[in-house]
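The values are calculated or read from the model by the stated rules, or taken from the named source; none is laboratory data. Keep in mind it's a predicted model, so treat the numbers as computed, not measured. All Cβ positions, even for glycine, are placed from backbone atoms using ideal geometry, and neighbour counts span all protein chains on display.
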Amino acid sequence: MKLIRFSLLTVIAASIAAVSPAGEPKTVRDGIAAWQRADYASAVAIWKPLAEKGDADAAFNLGQAYRLGRGVSIDLAQAQAWLGKAANAGHLDAQTTLGLLLFDSGSREAAMGWLKKAAERGEPRAMLVYGTALFNGDGAPRDPLMAYAYVSRAAAQGLEPAKTTLEQMDQILPVDIRRRGVEIALQKAAEKPAPGAKAPAKVAAKPATKPAAPPAAKPPVKVASKPAAPTPAEKPSKAVPNGSWRIQLGAFSQKSSAEALYRKLSASAPIAGHPAIYVAAGAVTRLQVGGYASRAAASAACSALSSKGQACFPVAGK
């Protein structure tokens, strides 16, 4: 765990920022206002005592600060701890973000538990990742019917990667499964929140949540378009001829679709100069881009791409 050091002046300044000139305690919204001014240290100083007292919104925002490394050093253990406090209090965004963070770290079973909770409450990112996991049987028992129901709900809410995934499912699943999936989706959308479930806090703004790493498609499954990993923003690295790390951008039923996506993205900064690698996996073709020197470099490229809505996750090359 990284040690966080502050200068004496920083500690004093943060302490002063925690109360208003009139001596009134600061609120979560005061922290948000500081965050929007890029005064991240003050935002953290405001949220931390509130989070320690059990405020779920403050705990969620504090977890995001540790995840993104703003106002504090990046510390994913602290991020998980604070997101966990908020998630256990019923905070919907925290449940989703924690699930995505756990998924990215390889804790699939724990991730699916939180993503399922958030998906049941209609969170589109959670519905997409959990639905895709059900379709692939990746971290959850394979269930194409419920997979279609979750992904169709996410697509109906306007999530672009969900629309792409749904189109792929439409090419694979029979009409009766799709029809029943839509019926289930409509039924769940009409249901009221479970008794005692806490609605997501209507905070004016909060640290941005990046989508999480998708499960890789498994043969003969053709679905792989999902949100990308929640990694701190870094500058994309230049191509390294012998770099062993790759990024995966999707899996397609037709190789021509993979080629079209590469042509579309090949001039973008994270990919420019990196070669396309088309990996046959049963009935699908996986689009990977190679030449990254390390996992960190591949993750940085994915971070840049995910900010533009492109699904992406790092993979070790052969």
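Observations
- For the stretch 286-302, the set of residues classified as of a type in the set (K, R) and assigned to a strand (DSSP E or B) consists of R286 only.
- Residue within the stretch 72-93 that is over 29 Å from M112 (Cβ atoms) and buried (at least 17 other Cβ atoms within 10 Å of the Cβ) present: no
- Checked against (1) surrounded by 22 or more Cβ atoms within 10 Å (Cβ to Cβ); (2) within 15 Å of the chain's Cα centre (by Cα); (3) at pLDDT 90 or above, F103 meets all criteria but (3).
- Residues being at pLDDT 90 or above and among the small types (G, A, S) - total across the stretch 15-56: 11
- Residue among A111, A43, A118 that is without any contact (Cβ under 8 Å) to a residue 60 or more places away in the chain, over 30 Å from V182 (Cα atoms), part of a helix (DSSP H, G or I) and in contact with a helix residue (DSSP H, G or I) (Cβ under 8 Å, 6 or more places away or on another chain): A43
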